[in-house]
Amino acid sequence: MANLSSQRKASFEEEILTTAAGTALARFDARSVEQLKGYGFSMDEIYRFVAPRRTLARRLENNERLTLAETDAAQRILRIGELADRVFEDRKKAQSWLRKPSRALNGIVPLDLLISETGARLVEDELIRIEYGIYS
């Protein structure tokens with residue numbers, strides 16, 4: 001009996017790990033990039049942050065998924081777009097804020113920081129401060 005219980009527990013733990021890992025490793029379909037446009041990002045910005053124009057065109061044409069690195073970049077932009085929309089409660093205001101130099105970010109345009117996860121975290125932190133009324 002104890003052996004069967006151990007097997008079930010191990011199987012359950014493996015299933016949870018597999019599901020979590022699968023989610024972490026899930027790659028965007030190239031068509032999912034369209035979702036970024038819905039948050040106000042231009043195709044030029046998507047090409048800049050996610051993948052070059054020809055690469056995305058090829059992936060769309062061949063119905064390919066983005067690489068893990070491209071998916072990470074797309075998810076990063078999506079995460080910041082969603083957060084900015086929530087904080088400003090207005091897509092135009094959110095997109096305007098992302099494109100103007102921020103005094104709290106030493107005069108850097110928040111959008112320019114989305115090139116890396118570290119930069120995106122700085123933008124995310126600033127958006128959270130704005131959301132909670134903590135101005136830096």
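FYI, it's all coordinate maths here, none of it is from the lab. Just so you know, these numbers come straight off a predicted model, no measurement behind them. Note: ideal-geometry Cβ built from the backbone for every residue, glycine included; neighbour counts use all protein chains shown.
Annotations for the structure displayed:
- Start at zero, step by 5 Å, and the Cα-Cα distances of the range 58-130 spread as 3, 16, 25, 23, 13, 9, 7, 3, 1 percent across the bins.
- Test item: Cα-centred dipole of the range 69-136, Lys/Arg +1 and Asp/Glu -1 on Cβ, debye: 300 debye
- Computed from backbone phi with θ = phi - 60° and the Karplus coefficients 6.51, -1.76 and 1.60, the 3J(HN,Hα) list for the range 72-82 is 4, 5, 5, 5, 4, 5, 4, 4, 5, x, 5 Hz; x is used for glycine and proline.
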